[in-house]
Amino acid sequence: MKNKLAYLLVFLCFCIFGNIMQANAYVSSEYDIQQKVQQVRALSKFDFLSLVNKNELIGFRLDNFKMTSQYYSNNVALSADNLSNILNQINLVKNSSDYSDTEKNMQLNKLYQDANNALYDIDTKTISYLIEVRRGMPSITYQRYLKKFQDYYNSLGLTESTIILN
């Protein structure tokens, strides 16, 4: 009797914890991940130079901006590939007969959490990029670029958080 009560208590805790995790999850379906992959790929192909007055960045400053932006773009493209791989893993788990329904749900929840983590990692990379790109720019140019880039990035809605730097 005590074992059944303990199992029931553990089961209720898992149910409550599982619902909390689902409530905090931003990506919760394959469709969500597909949409995020498209948005992340668009971000990686974005022309960062279009947000800057090209006359204000010449020589070393322009080269530094291009290199920093290209490095960021490559990192974002890797994140898009990572999200695509997670999507493929989700399809494999769903179509697998090796797992029980409970194991499938556990695997899928883990993969959705990995997708959320990958999206929040892009936020971290973006903040690092915005700090790094500041080094080679005049302050007025950087403030204009920062505002335009933040507006663009936040409009994508990759995560529930918004990036606001000053």
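The values are calculated or read from the model by the stated rules, or taken from the named source; none is laboratory data. Everything numeric here is computed off the predicted structure, so don't read it as measured data. When we count neighbours, we look across all protein chains shown, and the Cβ atoms used for this are built from the backbone with ideal geometry, even at glycine. Accessible surface areas use protein heavy atoms only, side chains included; no ligands, DNA or RNA. Shrake-Rupley method; radii C 1.70, N 1.55, O 1.52, S 1.80 Å.
Here are a few things to note about the model shown:
- Given (1) under 18 Å from Ile33 (Cβ atoms); (2) open to solvent by less than 20 Å² (accessible area, probe 1.4 Å), index of the condition Tyr129 fails: (1)
- Boolean, Val133 is modelled with pLDDT of 95 or more and under 22 Å from the mean Cα position of the chain (by Cα): no
- Those residues of the range 53-86 which are in contact (Cβ under 8 Å) with a residue 12 or more places away in the chain, outside any helix (DSSP H, G or I) and either of a type in the set (Phe, Trp, Tyr) or open to solvent by 10 Å² or more (accessible area, probe 1.4 Å) (or both), in sequence order: Asn53, Glu56
- Here Asp114 passes the criteria (1) of a type in the set (D, E, K, R); (2) under 17 Å from the mean Cα position of the chain (by Cα); (3) more than 20 Å from Gln38 (Cβ to Cβ) except the one numbered (3).
- Pairs where the first residue, in the range 99-128, is more than 17 Å from Val40 (Cβ to Cβ) and the second is at pLDDT 95 or above, C-beta under 7 Å, 6+ apart: none
- Among the residues making up the range 140-161, those that are open to solvent by 10 Å² or more (accessible area, probe 1.4 Å), free of Cβ contacts under 8 Å to residues at least 40 places away in the same chain and closer than 20 Å to Ser44 by Cβ are Gln150, Asp151, Asn154, Ser155.
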